[in-house]
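Peer 1: Before we start, here is the structure in question, set down as C-alpha cells.
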Amino acid sequence: MAKVNDNYLKLPGSYLFSTIGKKVSAFQAANPDKAVIRLGIGDVTQPLAPAIIDALHSAVDEMGNAETFRGYAPDLGYEFLRNAIVENDYKARGCTIEADEIFVSDGAKCDSSNIQEIFSLDNKIAVCDPVYPVYVDSNVMAGRTGTYDTKSETWSDVIYMPCLEENGFAPELPKETPDLIYLCFPNNPTGATITKSQLQEWVDYANKTGAVIIYDAAYEAYISESDVPHSIYECEGARTCAIELKSFSKNAGFTGVRLGYTVIPKELKCGQTALHGLWARRHGTKYNGAPYIVQRAGEAVYSEAGKAQLKKQVAYYMNNAKIIKEGLKDAGFTVSGGVNAPYIWLKTPDKMTSWDFFDYLLEKANVVGTPGSGFGPSGEGYFRLTAFGTYENTLAAIERIKAL
Ligand code: MLT
C-alpha cells in the first residue's frame, strides 16, 4: 500500500500567502462593493520593461523558425545568460564567479526550497525569526525539523535567530552551532539589511564551523546604501562556505515569467564532496531548464536599455516605499525597512496581534498586508506592507490607514 510522506502532515496550516489569499477572497465575496488594495504578497504590478518585451518577441519568432528553433536548454542554462550574469552581477562588483558555477532556474522560491535536498537529513538549520516561510516549510517536508510546538510555534530541531527592534532586525551568531544557515538580505520580511562587515562575520563563522550559508539575495536591486553588500561573494572566503540565490522577480518584474539562478562555487565542499557536483546532478535529473524565450528575456535585463528601464522601475517602487514609510510615521506608527528593500515592517498599534491587525485593516481600510507572525514567532506584533503596488493604490492605502 502506498504511504504518504508524513512530514507533510506535520505542517501547521497552509502556506502563508495561500491563507491570506483565501481570507481576502472571502472578504471580497462578502463585500463586492469594497475596493480592496493588496499590499500583502510581494508581487509586482508594473509591466515588463520594453527591452524585455522586445527580447521576448524576437525569441518567440526564433522559436517559429526551423533554423533558429531551440529544444531543451543546456543543463546549467544558456551561456549567453550565464555570461551576462557573471559580467554584471559579479565581475562588476569585484566578485569571482565563473559562468559554470551558475545554475539558471525558474525562480528563487523553487531553488530556496529544493537546495536542502543535497544536504543530509541530520543537518541542523538556523533561520532568522521572522523568516520567509519557504526555508522552514521545505525542511519540514524533508523531515529535518523535529516536532512542532503549537504554543511557541517553533520546531524542536530548528535554531531560531530572533531579529527584533533591539538588534536592528539583524540576526546574532547562534549559541548552538548550525550546519546550514539561511540568510536573506535585504531581508524579507523586515526590509532590514546588514553591512558588508556584518556579513563578513557570518562568512568567517561559517568557514570556522564548517556550516554552509544559503544566501538569498532576491532583493539586492533595492539596495540604496553603499556599505550594504549586493552579493555574499563580496566577502572574503564566501566561495568556500556560501550558496547564493538570485531572482529576476523583484528587480525585473518576472513574478509571472519565472527566472532565477543559484550560484555554487566549485570550492564549496562538505567534507571531501563538492556541492557543485551534487546540485548539477539534481538539476540534470529533475529539471529541464527555464524556457529559451525567458532566458533571452533575462539577458535583456542586462542590456543597456534594460538596465536603464529597470532602474526607473525600482525607483518607482522605492518611491512607494517612501510614501508608505513616511505616511505611517506621520500616523504615529513605528516603522522600519523601506530604505534598501521594498518591504515596510511596522509595529501593530495598541499591542494588537498581527492577525487581529490584518483583519482590522482589511475590514476598516480594505487594505491587505501580511501579518508578521506568519513569518515566525518573533514577527508577532508586527505587520508587513509591500511597496510593489501601483503608485495610486499605495497613496490611497496610506490615506485610508491615516483616516482610521
Ligand atoms: C513575499 O511576499 O514574501 C514574496 O513575494 C513571496 C515570494 O517571493 O515567493
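The values are calculated or read from the model by the stated rules, or taken from the named source; none is laboratory data. None of these values were measured; they are calculated from a predicted model. Heads up, the Cβs are rebuilt from the backbone with ideal geometry, glycines too, and the neighbour counts pull from every protein chain shown. Accessible surface is based on the protein model in full, side chains and every heavy atom, while ligands, DNA and RNA are left aside. Shrake-Rupley method; radii C 1.70, N 1.55, O 1.52, S 1.80 Å.
Peer 1: Checking the cross-link filter: which lysines have an alpha carbon closer than 21 Å to that of residue 322, excluding same-chain neighbours under 8 positions apart?
Peer 2: List returned: 250, 311, 312, 347, 402.
Peer 1: Something else: Summing Lys, Arg as +1 and Asp, Glu as -1, what charge do residues with Cβ under 12 Å from the Cβ of residue 382 carry, residue 382 excluded?
Peer 2: 0
Peer 1: Which cross-chain or sequence-distant (5 or more) residues have an amide H under 5 Å from the amide H of residue 212, H modelled 1.01 Å from N in plane?
Peer 2: 180, 181
Peer 1: Fully extended, how many nm does the chain gain between residue 91 and residue 403 (0.36 nm per residue separation, minus their Cα-Cα distance)?
Peer 2: Extra length available between residue 91 and residue 403 comes to 107.5 nm.
Peer 1: Using a 1.4 angstrom probe on heavy atoms only, work out the carbon and sulfur share of the accessible area of region 53-303 in %.
Peer 2: Working: 4870 of 10030 Å².
That share works out to 49 percent.
Peer 1: Another question, if that's okay. Rounded to whole Å, give me the distance from the Cα center of region 166-245 to that of region 83-129.
Peer 2: Value for the Cα centre distance between the two parts: 13 Å.
Peer 1: Grab the Cα-Cα distance for residue 280 and residue 34, subtract it from 0.36 nm times how many residues apart they are, and report the gain in nm with one decimal.
Peer 2: Residue separation times 0.36 nm, minus the Cα-Cα distance, leaves 83.6 nm.
Peer 1: Same structure, new question: Provide the net charge surrounding residue 305, with neighbours chosen by a C-beta distance below 13 Å and charges set as Lys +1, Arg +1, Asp -1, Glu -1.
Peer 2: 0
Peer 1: Using the Kirkwood radius built from alpha carbon pairs, what does the Stokes-Einstein equation give as D for region 27-149 at 10 °C and 1.306 mPa s, in µm² per second?
Peer 2: Numbers: Rh = 19.3 Å.
Here the translational diffusion coefficient equals 82 µm²/s.
Peer 1: Bin width 10 Å, alpha-carbon pairs only: give the P(r) of the chain as whole percents, running from 0 to the bin holding the largest distance.
Peer 2: Spelled out per bin, shortest first, that is 5, 22, 32, 27, 13, 2, 0.
Peer 1: Work out from phi, with θ = phi - 60° and the Karplus expression 6.51 cos²θ - 1.76 cosθ + 1.60, the ³J(HN,Hα) of each residue of region 204-215, listed in order in whole Hz, and give x for Gly and Pro.
Peer 2: After applying 6.51 cos²θ - 1.76 cosθ + 1.60, I find 4, 4, 5, 5, 5, 9, x, 7, 10, 9, 9, 9 Hz.
Peer 1: To the nearest 0.05, what FRET efficiency results for residue 390 and residue 173 with a Förster distance of 45 Å applied to their C-beta separation?
Peer 2: 0.65
Peer 1: Which ³J(HN,Hα) values, rounded to whole Hz and listed in residue order, are derived for region 312-318 from phi using the Karplus coefficients 6.51, -1.76 and 1.60 in 6.51 cos²θ - 1.76 cosθ + 1.60 with θ = phi - 60°, glycine and proline given as x?
Peer 2: 5, 5, 4, 5, 4, 5, 6
Peer 1: On full extension of the chain, what length is gained from residue 7 through residue 120, given 0.36 nm per residue of separation minus the C-alpha to C-alpha distance?
Peer 2: Working it through step by step, the gained length comes to 39.1 nm.
Peer 1: Further question: Send over a whole-number figure in Å² for the accessible area per residue of the chain, probe 1.4 Å.
Peer 2: 43
Peer 1: With a point put 7 Å past each Cα toward its Cβ, work out how far residue 267 is from residue 27 in nm, to one decimal.
Peer 2: Here the modelled spin labels are 5.0 nm apart.
Peer 1: Before anything else, pin down the relative contact order of the chain: Cα pairs under 8 Å, at least 6 apart, normalised by residue count, whole percent.
Peer 2: Once divided by the residue count of the chain, the mean separation gives 23 percent.
Peer 1: Would you be so kind as to identify which of 335, 221, 353 lies farthest towards the positive end of the dipole of the chain, taking Lys and Arg as +1 and Asp and Glu as -1 on Cβ and the Cα centre as origin?
Peer 2: The one lying farthest along the dipole's positive direction is 353.
Peer 1: Another one. Provide the net charge surrounding residue 138, with neighbours chosen by a C-beta distance below 12 Å and charges set as Lys +1, Arg +1, Asp -1, Glu -1.
Peer 2: My count for the surroundings of residue 138 gives -1.
Peer 1: Same structure, new question: Residues with amide H under 5 Å of residue 367's amide H, sequence separation 5 or more or different chain, H placed in the peptide plane at 1.01 Å from N; which?
Peer 2: 37, 362
Peer 1: Oh, and also: Any idea which of 302, 167, 78 is furthest toward the positive side of the dipole for region 53-303, if Lys and Arg beta-carbons carry +1 and Asp and Glu beta-carbons -1?
Peer 2: About the Cα centre, the residue reaching furthest to the positive side is 78.
Peer 1: Simple spin-label model, 7 Å along Cα-to-Cβ: residue 351 to residue 147 in nm?
Peer 2: Each label point lies 7 Å from its Cα, and together they span 3.2 nm.
Peer 1: Can you tell me the order of 31-41, 212-222, 82-92 when each peptide is scored by its average per-residue count of other Cβ atoms within 10 angstrom, highest first?
Peer 2: Highest-to-lowest ranking by the protection proxy: 212-222, 82-92, 31-41.
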